[in-house]
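Undergrad: Provided herewith is a single structure, encoded as structure tokens, for subsequent inquiry.
What follows draws every value from the coordinates through simple rules; no lab data is involved. No experiment lies behind these values; they were computed from the predicted model shown.
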Amino acid sequence: MRKTRKDKVLQLLRDAQSGYRRHGHGEYVPNHIIESVEFGGTQGTRRIRELRGEGHEIEAMRLGNTGTWLYRLKPVVGQLSLAL
């Protein structure tokens, strides 16, 4: 079965949360990675909105005074963050 772009973005966020794949920002994934051809494409941030609409808690944070946004899955209550 072929994964949708939304599935790929969710897996990317899960991988960052678990420590399997990091992008220099701990559990956070930069928007340029989410919007890459490999994952969400140019509509990558739309995939984030779709995932939020399905009930996934995704946190967004702007990186300083840049155009870069960082996204991560919020840890489930009682789940220890690996980024400590």
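Undergrad: Starting from the Cα of residue 74, draw a straight line to each of the lysines and keep only those under 18 Å, dropping any in the same chain fewer than 8 residues away.
TA: Cross-link targets: 6, 8.
Undergrad: Further, regarding this structure: For residue 58, list long-range residues whose amide hydrogen, built 1.01 Å from N in the peptide plane, is under 5 Å from its own amide hydrogen.
TA: 74
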